[in-house]
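Read the figures in this text as sums done on the coordinates, not as results from a lab. All values derive from a computational prediction rather than experimental measurement. Note: ideal-geometry Cβ built from the backbone for every residue, glycine included; neighbour counts use all protein chains shown.
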Amino acid sequence: MAPLLAPVIRAIVRTALVLPLAWLVCFAAPARAAQWDAATLTVPASGEGTLVTFSEQEIKTGRRLFNNSCGTCHAGGITKTNQNVGLDPETLALATPPRDSVDALVDYMKDPTSYDGEYSISDVHPSLRSSDVFVKMRDLDDEDLRLIAGYILVAPKVQGQQWGGGKIYF
């Protein structure tokens, strides 16, 4: 009798485990992505205080472009080659010239300078100026750079201190 009962018990146990999961899949409310408000998507457009509001789709596109073009060295907003200079808002604001607006970041991605602004670093940092050496920059246009800059400025609003925090937070 016991050998006949074992398959039945296994079937009951499987049903008891699978049935709640099946119920959740069939009857639970669909998961929705977080909706970002306008304040989250609004960042400085220029150093003069003008603002720009990006759409969620633009930020998602900017994130994809950032990860493909910049993410190797700047994953999570850190700078792997120099953890003292991240992409967090405070560090960007203290650069010379300040890099805490869309226009300033686009300018940097076209022709990067040292943190103190004293000299060009386009020979060692990817940019449009050095796209002959850094091939990932070849296919980017001004709109792509604008979307990347938007993502860099929105990311700390979404990720908090971990954006640009480097090894302190990871």
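Each eigenvalue of the Cα gyration tensor of region 38-168, multiplied by 5 and square-rooted, gives one semi-axis; in descending order these are 20, 17, 15 Å. A simple spin-label model places the labels of ALA38 and ASP116 4.3 nm from each other, with each point 7 Å out along Cα-to-Cβ. Counting other Cβ atoms within 10 Å as a rough exposure proxy, the listed residues ARG129, ARG64, ARG146, ARG138 run ARG138, ARG64, ARG129, ARG146 from fewest neighbours to most. Two numbers describe the Cα atoms of region 56-100: Rg and Dmax, which are 11.5, 31 Å. Computed extension length for ASP139-THR53: 28.5 nm, one decimal, from 0.36 nm per residue of separation with the Cα-Cα distance subtracted. Fewest-first ordering of PHE134, PHE54 by other beta carbons within 10 Å of each residue's beta carbon gives PHE134, PHE54.
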